[in-house]
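Computed from the coordinates by the stated procedures, all read-outs in this text should not be read as laboratory data. If you're wondering where the values come from, they're calculated on a predicted model, not measured in any experiment. Note that each Cβ is placed from the backbone with ideal geometry, even for glycine, and that neighbours are counted across all protein chains shown.
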Amino acid sequence: MKRYVFLILLVLSVLNIKAQDRQAIINVLETQRQAWNKGDLESFMKSYWKSDSLLFVGKSGPKYGWQTTLDNYRKGYPSKAAMGYLTFNILKVELLSANHAFVLGGWHLKRANDNPEGYFTLWLRKIKGEWKVVADHSS
């Protein structure tokens, strides 16, 4: 009987940890969205792994590096008006392990002259206790 109680508590503990990690990932994305909407690319980039191995895949193909990604964002979105107002539609957050997660979502920008939108897939890794984007494929 003690064994079953222990197993039940263990399962509940694991489910609680997964729920906490899922919420932490959603919080990372919300913090990122808020930074974008303030026109603050440096704060937006805090959710990305600050490494030369960070992978970003966009319309021009794969690019590596945190600084390269920031530079590309600055080039593509040179002003707050160009950045517009960002919303996300998170479709899936899947914990692959204790330290790896996959996110699928949609993005939408509301700007004065257009409203571009697309989808993204993210690979996040827990690094030093924090969830960081290590690969981003946005279209």
Completion exercise
The helix 2-37 Cα axis meets the longest alpha-carbon principal axis of the chain at an angle in degrees, between 0 and 90 and rounded to 10, of 10 degrees
Handout entry: Between segment 16-72 and segment 78-103, the alpha-carbon center distance in angstrom
Key = 8 Å
Handout entry: Eligible aspartates and glutamates near K63 by straight Cα distance, threshold 12 Å, same-chain separation 8 or greater
Key = D52, D71, D136
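Quick one: putting +1 on the C-beta of Lys and Arg, -1 on the C-beta of Asp and Glu, what dipole do you get for the chain around its Cα centre, in Debye to the nearest 20?
Details: 20 positive and 11 negative charges, 59 e Å.
Computed charge dipole of the chain: roughly 280 debye.
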Practice task
Give the angle, between 0 and 90 degrees and rounded to the nearest 10, that separates the Cα long axis of helix 66-76 from the longest principal axis of the Cα atoms of the chain.
Solution key: 40 degrees
Handout entry: A112 paired with T68, simple spin-label distance in nm, labels 7 Å along Cα-to-beta-carbon
Key = 3.4 nm
Practice task
With Cα extents along the principal axes in Å in mind, check [x] 57, 28, 24; [y] 65, 31, 23; [z] 40, 32, 28 and report the label derived from this structure.
Solution key: [y]
Exercise for the section: Return the distance in nm (one decimal) between the two label points of a simple spin-label model at K92 and S139, each offset 7 Å from Cα along Cα→Cβ. Expected result: 1.4 nm
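In segment 76-115, which trypsin sites (Lys or Arg not before Pro) fall in coil by DSSP and have 15 or fewer other Cβ atoms within 10 Å? Intermediate values should be presented prior to the final figure.
Numbers: sites: K80, K92, K110, R111; in loops: R111.
Hits after loop and neighbour filter: R111.
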Practice task
With runs of 4+ DSSP H residues as the only contributors, calculate the mean residue ellipticity of the chain at 222 nm using -39,500 (n - 2.57) per run, divided by the residue total and rounded to the nearest 500.
Solution key: -12500 deg cm²/dmol
